[in-house]
Amino acid sequence: MNKKNKSIIIGLVVLILLFIVGIIGKRINEENAVIKKAEVAINNGDYDNARDILYTVVDGNNKKIDKLWNVVVSYQKAQSSGVDSGLKYLNEIDSSYKKYDRLKDDVENLKKELLNVKKIRKEFLVKIEEVKSLIEKGEYEQAEELSKETSEWQYIEQADINTMYDLHVKASELLSNQRKDNYAKEEAERKEKEALEKEKQNKLKIETDENNFSKTVAQEMLDKMNADNGNTRNFYELSSDLNIDETGKKYFDVVAKDKDWIKFDDNTILAKYRLYSNGELVEIQQ
């Protein structure tokens, strides 16, 4: 190979190398530009845009791009996943996210929120068991109060909400029946108490009337009977002093005469009675 041919070959090799270096340099420049654009979007909290920008170049050949892609996608998946899955994504996210203040705050706030939701859900399950226990012990009012819907329900899984709601309905129904039973029991006790009090008062009245029963009182009773006897022709008169019957009760003997006959001095006795302290006239069979 002559000197001229060697020069041509060397020139071609140099051109090819320069072309390759140029292509590589261009790609590096393009990737750096993409990284900068993605970082701007990340710092602005525009993660959808950052993901779209990175999507055009992510292929596993640039570690920085791959890390940015992992950070953005993991954060967004954590946002849209359930609590446990979301925490898993956040725990596996590349630590490079901490370089971006906005993303760091968003990741840590989301983690804090998911941990709080997890705690609330765990406490809610404990509360379900407490409500069940209260119902079993017959403490329906406390069970109803504890199972009421609160703001925390927005963080609870639907199946657990349904369980608590069913327990609330059950506690409310049992409480309603319990209150009805208690009212019926209290009403029965009240009536029994009133009846006993009435019986006590009646007994006291009987004793008082018995103790105060005298000829004067007896005469007042007869005067009232004679004044109020309407169409009855009987006229009652005391015929004895105070007596005690075989049961120990006080009484006065009373005779009944015809009030019309008396006008003609006819004092024929029509019937004989005993007058007791309660105002009762008991006829004596002759």
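The values are calculated or read from the model by the stated rules, or taken from the named source; none is laboratory data. None of the values given here were measured: they were computed from a predicted structure. As a convention, Cβ positions derive from the backbone with ideal geometry for all residues, glycine included, and neighbour counts pool all protein chains shown.
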**Meets criteria (within 30 Å of Ile135 (Cα to Cα) and out of contact with any Cys (no Cβ under 9 Å at 6 or more places or on another chain)) for Glu280** = no
**Message:** If I filter region 31-49 down to residues being surrounded by 13 or more Cβ atoms within 10 Å (Cβ to Cβ) and among the acidic types (Asp, Glu), which single residue comes out as modelled with the lowest pLDDT?
**Reply:** Glu31
**Request:** Note down all Cβ pairs under 7 Å where the first residue falls in region 265-285 and is under 23 Å from Glu246 (Cβ atoms), the second is β-branched (Val, Ile, Thr) and part of a loop (DSSP other than H, G, I, E, B), and they're at least six residues apart or on different chains.
**Result:** none
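Yes/no matrix, rows are residues, columns are (1) surrounded by fewer than 20 Cβ atoms within 10 Å (Cβ to Cβ); (2) under 22 Å from Tyr155 (Cα atoms); (3) in contact with a strand residue (DSSP E or B) (Cβ under 8 Å, 6 or more places away or on another chain):
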site: Tyr75; (1), (2), (3): no, yes, no
site: Ala78; (1), (2), (3): no, yes, no
site: Tyr97; (1), (2), (3): no, no, no
site: Glu108; (1), (2), (3): yes, yes, no
